[in-house]
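Beneath this line is the structure, given in structure tokens, with notes to follow.
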Amino acid sequence: MSIFKLSQHIRDFSLKKIIPKIGVMIVLFLTILTGYTIGIYIQNKKSLEVVNRIEDVRIPVRAIVNEILIGTSKLAANQRGYFMSGDIKYKGERLEIWEKEVAFQVKRLLEFQKDLSAADQENVNVVIVKLNQYKVVQDELEQFYDENIAPIQNRIQLAQVSDTASKDALLADLLQKAKLDHELHELIYNKSRKLRQDYQKILQTIKDTQEKDLHVETEQINTEIMVTNSVMISALIIATIVWAGLGYLVSRSLKKSIQKPVDMLTKLQAGELPDDVQPSEDELNAIIAAGNKVIHNMKSASLFAKNIGEGNFDHTFHVSGENDVLGNSLIQMRDKLQQVTLEDKKRNWITHGLAELGDILRKTEHMSGDFYATIISFIVKYVNANQGGLFVTQNNQLELMACYAFNRRKYLTKTVQPGEGLVGQAYLEKEFIFLKEVPVEYLRVTSGLGDAPPRCILICPLVLKDQVYGILELASFTVLGEHQIELVKKLCEQLASVVSAEQINQQTARLLLASQQQAEELRAQEEEMRQNMEELAATQEEMFRKEQEYLNRIRELEEKTV
């Protein structure tokens, strides 16, 4: 069976088709690329070995040698500081430098010894011996200083600060110290300095060798890079020529084959929706079929978008699949526009309701017999409720001012105390209450709105500046939506302002009437007092007249008597 399939593929193979042409180009390209890659790999492997040797041996060894030279210089400097000042801190620092810097770097140098040349390996061994000898010599010099010079130095310092010291003894100590300093200098020159020069020379030799090897290996890398670049350029030129030739031949044959799909895509790019393209007999037929499917989907999407623009959100549209970005985006756009339209309708409905209530409040005489009845009738009808009641705060209690149910006014008398039932609770809490699960006996027992069991109850207080002026209670056979509840809240705010203003006006009128009554009473009292004063004045005049008459008679009698 497999042999039959192979023979079938061989018979079908033809350079007139697109896939065989591309296959030949791919095989040739892979052949050139494989040879090119192998050559680059070999060259890079050699260069990498040299680079690794430089990074792993040459550079670290040079750095280690420099650290050893710096460390030994610090050793000599600290010992000179100790001999010159006698400060013991230099002695401690020298030992610390030897352990942490010199000995540590020597240990690292031993780790690289096997990677060095035979001569450098021998030099490393000699350097280690010289460094150990140098340490021993430094220890001997410090011992000589501590046993011979340090005591004399201490006596000299004490004598210089003491007034009772003998000048002869001080002079003898100075001469003795000068002699010992000379001996110490000779020891340094003959032993320490010579050893230092020896190991520095050997270390410099190791360093120079590494620098020389580094230079040689760097030149080797540069040479290999130049060779690699030459090979790369040559292979690239050959591959470019071959590939360009084959590409030209293939492109000529492909140009004719792909003209139909190109024309179709060009029209789509320009925004046109062309008719279906006739299928071809080569491999591009799949592209043409897919393009025809795209045209069909674009036409469907265009018709769908047109219906959405006209407000027809019920127009059906079928997406090509889960990955249909355009189709799914159009569906999402339809849903969002539909939601936005619905929200706009709700907002307009709320605005219209507020405006209508405002007209009612302006046209209806406030606090008249039909005022509250007109309001509750409008609210119940507008929010599509079934029953409603409007309570107004009077003398610290809620009085049912108007009731409306089933398109008819109800004339009921009801008073609710604060905290009594849900209405009284809403009054105290100053918050609206919305019940979706209403007890069967609620209306008959608590609200007095009727006996029909509602689906929901909305109790909203009329609050203004944290003061409750009344309660609006609605009952509906359908659950009120959020926009209906929002409208009721805003209506209650508007009603609270009206009721507050009317109560203030009523209070003002009552105060004005009382003031007028008091003024009338005062005027009556003033008139009565005026009349009393006039009568009192007349009485006083009469009494004065009679008194004068009595006095005159008395004088006459007195005169007669005389």
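What ³J(HN,Hα) values, in whole Hz, does the Karplus curve 6.51 cos²θ - 1.76 cosθ + 1.60 give for the stretch 487-498 when θ = phi - 60°, with x put for Gly and Pro?
Karplus values, whole Hz, x for Gly and Pro: 4, 4, 4, 5, 4, 5, 4, 5, 5, 4, 5, 5.
Give, in nm to one decimal, the length gained when the segment between Leu158 and Asp359 is fully stretched (0.36 nm per residue of separation minus the Cα-Cα distance).
That pair, Leu158 and Asp359, stretches by 60.8 nm at full extension.
Roughly what would the spin-label model give for Gln506 and Lys345, points 7 Å off Cα along C-beta, in nm?
Result for the modelled spin labels: 4.1 nm.
Using the 10 angstrom Cβ neighbour count as an exposure proxy, how do Ile97, Ile433, Ile64 rank, fewest first?
By the 10 Å Cβ count, ascending, the order reads Ile433, Ile97, Ile64.
Gain in length, Asn396 to Trp243, computed as 0.36 nm per residue apart minus the alpha-carbon separation, to one decimal in nm?
Net length gain for the segment: 45.2 nm.
Post the alpha-carbon centroid distance, the stretch 177-209 to the stretch 82-96, in whole angstrom.
If we compute the Cα centre of each part, the gap is 18 Å.
For the stretch 69-128, what's the relative contact order in percent, using C-alpha pairs closer than 8 Å and at least 6 residues apart? Mind showing how you got there, number by number?
Numbers: 31 pairs, mean separation 16.1, N = 60.
The value is 27 percent.
Taking 60 Å as R0, compute the FRET efficiency from the Cβ-Cβ separation of Glu183 and Leu236 and round it to 0.05.
That pair, Glu183 with Leu236, gives E of 0.20.
Amide H of Leu464: which non-local residues (sequence gap of 5 or more, or other chain) have their own amide H closer than 5 Å, using H built in the peptide plane?
When sequence neighbours closer than 5 places are left aside, the close amide H contacts are Tyr469.
Could you sort the peptides 380-393, 415-428 by per-residue average Cβ neighbour count (10 Å cutoff), highest mean leading?
380-393, 415-428
Counting only residues 5 or more places away or on other chains, whose amide H sits under 5 Å from the amide H of Met401 once H atoms are built in the peptide plane?
Excluding prolines and chain starts, which carry no amide H, the hits are Leu390, Phe391, Val392.
Which of Lys45/Lys100; Lys345/Lys465; Lys100/Lys201; Lys114/Lys191; Lys91/Lys191 have a Cα-Cα distance over 29 Å?
Too far apart for the 29 Å limit: Lys45/Lys100; Lys345/Lys465; Lys114/Lys191.
Every number in this text was worked out from the coordinates using simple rules, so none of it is lab data. A quick note: this is a predicted structure, and the numbers were derived from the prediction, not measured. Neighbour counts are summed over all protein chains in view; Cβ atoms, including those assigned to glycine, are modelled from backbone coordinates with ideal geometry.
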